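Derivation of every value follows stated rules applied to the coordinates shown; laboratory data play no part. Since the structure is predicted, the reported quantities are computational estimates derived from the model, not experimental observations. When we count neighbours, we look across all protein chains shown, and the Cβ atoms used for this are built from the backbone with ideal geometry, even at glycine.
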Amino acid sequence: MPQYKKGDQRPQGSGRKPGSKNKKSFLVLEVLENNGIDIVQKIIDSLPSLQPQDQVKALIALLPYCFPKLTAIEVSGGMNLQDERPLKEISNEDLDQILIDKD
């Protein structure tokens, strides 16, 4: 196997494949499962023994693993409306007419 120097380009296909699991983490989870240990249930069971503020901290720390992070999106382009008024000042009837005229 040839040696590569720092800064050399790695061969095609080298490195961990996308989506592959860390071997140590996988082994730890496998040992826990084989011994009937449900780590999520352990965490849930331990919450009542914590102080309320520590319960909140623990739950907040777990949130990123339960819900995807939302990111802001930028809308580009636009409708090129002739009406320069702020949207909240345009009546529904005027908005309907603008949409009809747009087509």
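Data for the structure
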read-out	value
Hits among aspartates and glutamates - C-alpha to C-alpha of K23 under 20 Å, sequence gap 8 or more where chains match	E33, D38
Estimated inter-spin distance, K88 and Q53, nm [label 7 Å along Cα→Cβ]	3.7
Candidates per chymotrypsin sites (Phe, Trp or Tyr not before Pro) in region 1-73, loop by DSSP, up to 15 other Cβ within 10 Å	Y4
Simple label model, 7 Å out from Cα along Cβ direction - K69 to S14, nm	2.9
Structure-derived volume of the Cα convex hull per residue in Å³ - corresponding label in [x] 370; [y] 39; [z] 96	[x]
Over the chain: helical MRE at 222 nm, DSSP H runs n ≥ 4 each giving -39500 (n - 2.57), nearest 500	-13500 deg cm²/dmol
Exposed GluC sites (Glu not before Pro) absent - longest run of the chain, DSSP non-H/G/I/E/B, at most 13 other C-beta within 10 Å	1-73
Lysines with Cα under 24 Å of K21, excluding same-chain neighbours fewer than 8 positions away	K42, K69
Spin-label pair S25/I39, simplified geometry with 7 Å Cα→Cβ offset, distance in nm	0.9
Residue order, fewest to most surrounding Cβ atoms within 10 angstrom, among I90, I39, I100	I100, I39, I90
Angle in degrees between helix 23-34 and the longest Cα principal axis of the chain, rounded to the nearest 10	80
Gaussian network model of the chain, springs between alpha carbon atoms under 10 Å - residue of Q51, Q41, Q12 with greatest fluctuation	Q12
Reachable lysines, given that their alpha-carbon falls under 25 Å from the alpha-carbon of K88 and they are not under 8 places away in the same chain	K102
